[in-house]
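Peer 1: Below is a structure I'd like to ask you about.
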Amino acid sequence: MKKALSVLLLILLVSAVIVHPTTADAAATDTVSVSFDPAYVKYKGTTPYVVYTGSSLTPPVIVSYNGRLLNASEYTLSYRNNTYPGNALVDVTVKETGKKKTLWFKIYLPPTASTSVENTDNGIQIKWSSVKGARGYVIYRRAWSSATNGWTDFLRWNNTTSTSWTDTKVYAGTRYQYGIKAYYDDPMDNYNLGLVGPLKTTVRITTRELISVTPGSKKLTAKWSASSHFTGYQLQTATDSAFTKNVNTVTISDPKTDQKTITGLNDNTIYYVRVRSYHVFEGTKYYGKWSNVKTNEKTKVYILNTSTHKFHNPSCKDVKRIADKNKATYEGTRSALIDSGYSPCGHCKP
Ligand SMILES: [Zn+2]
C-alpha cells in the first residue's frame, strides 16, 4: 500500500516537471486579457453597465497581450447592440495575431430622480422627472398597516411616459411610501438600476372644506368640515389669492375644533382664507391639501351686463340702458365676480 502511494507520487512529480513548462509556454505566447476602463463603466454587483444616452455607447477597453499593455493602434474594437437599453457587446481583436475576445455590458436607463408625493382631493399624487428612453414606469408602494403591524407592497405598471400618477386606493391616516422605476422594454425587464434613492413618504390626509368666512370689525371667523382622523388644522390668511402677501398661519391642535376667529385684522382689507389638516405620525408632521379659498368680503347684490362683462350697483343710471337679454342679477362677493372675468363699472364704481 505504502509502496503504491510512493509510485503514484513519483508519477505525479515527473508529470508535473514534464507537462507544466509546456503548457506555460503555450499560454505565454498567446494570452489576451481585456477589461473595461473603470473610468467609463460602472458596476451593479458584478454587471458592468453604462447609462443610455440615445447615442451609440463605446466604453473604452484595456487590452493586454502576454502581459504587455497594448496601445489603441494595436487592436480593433467592434461594438454591437450598443445604442438601446439591453445587452451590448464589444469584440476586441489583437491585430498582430487576429486573436479575438468579447466583452459584454449592459445599457441601463438613467435612474429616476426628483420623486415627490403630496395629498390631493382624490388621493396621493406621485410626480417624478422624465427618464430618457423610458417607455413606462413601475410605481412601487408600501403601506404601513397597524392591523398587521407591517408593510404591504403594491406594484403598478404605468404603460405611458406620463410622469405623474395619483394613488386613489389610500386610506385616511395610513402611511405610504413610494418609489419609481423606469422601464424600457416591459415592466419586468432589468434594463435599469432598479429603485434608486430613498422612498418618499406621506400619510393620506383628506382635504377639508372651508364652509364659511364671516367678516367682523378687525376680525373674521372661519368654519370648516372637521375630521377626527388627523392631529389638527392649519388655518391660513393672506391679502392675495396666491397666499404670498401678509401670510399668517395658525395651528389648531384639537381635531374636534371646526371654527376659529382671527383678530387684529385691518378693516377695508380683503383677506383670503384656507384650511388644511395635518397629522403627526411617529414624530413627523404631514399635511393635507389646502381647502377651497373664501374671503372676508360681504356679499352684495350687483347688476351684470352679460354682454360687456361689466357689473354695477343696482342704483346705477347705466343699468336702465342694459338690454333685458344682457341683464342679470348677482348676489355674492366682488372678488368672485372679478375672478370670473367681470370688471366694475367706471361710473358707479361698485
Ligand atoms: Zn354702473
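Peer 1: Which residues, counting only those in region 240-258, are touching a Ser or Thr at 6+ places or on another chain (Cβ under 6 Å) and surrounded by 13 or more Cβ atoms within 10 Å (Cβ to Cβ)?
Peer 2: First, pick out the residues of region 240-258 that are touching a Ser or Thr at 6+ places or on another chain (Cβ under 6 Å): 245-246, 248, 255.
Residues satisfying the conditions are N246, N248, P255.
Peer 1: Return the residue satisfying two criteria in turn: it lies in region 314-327 and is part of a helix (DSSP H, G or I) and over 12 Å from P344 (Cβ atoms), and of such residues it is farthest from the ligand (Cβ to nearest atom). So that I can check it myself, show each step before the final result.
Peer 2: Pass one, region 314-327, residues part of a helix (DSSP H, G or I): 317-321, 324-326.
Narrowing further to those that are over 12 Å from P344 (Cβ atoms): 317, 319-321, 324-326.
Numbers: K317: 7, V319: 7, K320: 10, R321: 10, D324: 17, K325: 18, N326: 14 Å.
Result: K325.
Peer 1: Test each condition in (1) over 25 Å from the mean Cα position of the chain (by Cα); (2) modelled with pLDDT of 95 or more; (3) buried (at least 17 other Cβ atoms within 10 Å of the Cβ) for S225 and report the one that comes out false.
Peer 2: (3)
Peer 1: Which count do you get for residues in region 328-350 that are within 15 Å of the ligand (Cβ to nearest atom), out of contact with any helix residue (DSSP H, G or I) (no Cβ under 8 Å at 6 or more places or on another chain) and not hydrophobic (A, V, I, L, M, F, W, C)?
Peer 2: Matching residues across region 328-350 total 6.
Peer 1: In region 122-137, what residues are in a strand (DSSP E or B) and under 28 Å from T207 (Cβ atoms)?
Peer 2: Our first condition is that a residue be in a strand (DSSP E or B); within region 122-137, this holds for 124-127, 136-137.
Residues satisfying the conditions are I124, Q125, I126, K127, Y137.
Peer 1: Related question: Which fully enclosed strands (runs of 3 or more DSSP E) of region 247-313 have 1 or more residues being within 16 Å of the ligand (Cβ to nearest atom)? Write out each step before concluding.
Peer 2: Numbers: elements: 248-252, 259-263, 272-281, 284-287, 300-305, 310-312.
Filter on region 247-313 gives 300-305, 310-312.
Peer 1: Inside region 149-246, counting only strands (runs of 3 or more DSSP E) that do not spill past its ends, which hold 2 or more residues that are in contact (Cβ under 8 Å) with a residue 60 or more places away in the chain and either of a type in the set (D, E) or on the phi < 0 side of the Ramachandran plot (or both)? Reasoning before the result, please.
Peer 2: Working: elements: 150-158, 164-167, 175-183, 200-203, 210-216, 219-224, 232-238.
In region 149-246, 175-183, 200-203, 210-216, 219-224 are the strands (runs of 3 or more DSSP E) which contain 2 or more residues that are in contact (Cβ under 8 Å) with a residue 60 or more places away in the chain and either of a type in the set (D, E) or on the phi < 0 side of the Ramachandran plot (or both).
Peer 1: Would a scan of region 165-179 turn up a residue that is under 30 Å from N82 (Cβ atoms) and either crowded, with 19+ Cβ neighbours inside 10 Å or small (G, A, S) (or both)?
Peer 2: Filtering region 165-179 down to residues under 30 Å from N82 (Cβ atoms) leaves 179.
Of the ones still in play, those that are also either crowded, with 19+ Cβ neighbours inside 10 Å or small (G, A, S) (or both) are 179.
Yes, that holds for at least one residue.
Peer 1: Further, regarding this structure: What pairs come out if I take residues in region 306-323 that are assigned by TED's automatic domain parsing to the domain that holds S340 and under 19 Å from S340 (Cα atoms) and pair them with residues that are more than 7 Å from the ligand (Cβ to nearest atom) and polar (S, T, N, Q) whose C-beta lies under 8 Å away, six or more apart or interchain?
Peer 2: These pairs meet every condition: T306/N326; S307/N326; T308/N326; H309/S343; K310/S343; F311/N305; F311/S343; H312/N305.
Peer 1: Something else now. Looking at region 278-293, can you tell me whether even one residue there is of a type in the set (K, R), more than 30 Å from Y171 (Cβ to Cβ) and either surrounded by 13 or more Cβ atoms within 10 Å (Cβ to Cβ) or at pLDDT below 95 (or both)? Working first, answer last.
Peer 2: Within region 278-293, the first condition is being of a type in the set (K, R), and the residues that meet it are 285, 289.
Then keep just the ones that are more than 30 Å from Y171 (Cβ to Cβ); that gives none.
Taking every residue of region 278-293 in turn, none turns out to be of a type in the set (K, R), more than 30 Å from Y171 (Cβ to Cβ) and either surrounded by 13 or more Cβ atoms within 10 Å (Cβ to Cβ) or at pLDDT below 95 (or both).
Peer 1: Now for a separate question. Pairs needed: first member in region 280-292, basic (K, R); second member anywhere, surrounded by fewer than 16 Cβ atoms within 10 Å (Cβ to Cβ); C-beta distance under 6 Å; at least 6 residues apart or different chains.
Peer 2: Here the result reads K289/T120, each pair linking region 280-292 to a residue that is surrounded by fewer than 16 Cβ atoms within 10 Å (Cβ to Cβ).
Peer 1: Scan region 93-103 residue by residue and report those that are touching a residue at least 40 places away in the same chain (Cβ under 8 Å) and either within 41 Å of the chain's Cα centre (by Cα) or outside the structural domain of Y49 (by TED's automatic domain parsing) (or both).
Peer 2: Passing the criteria: only L103.
The values are calculated or read from the model by the stated rules, or taken from the named source; none is laboratory data. The structure presented is a predicted model; accordingly, all values stated were derived computationally and were not measured. Note that we place each Cβ from the backbone using ideal geometry, even for glycine, and neighbour counts take in every protein chain shown.
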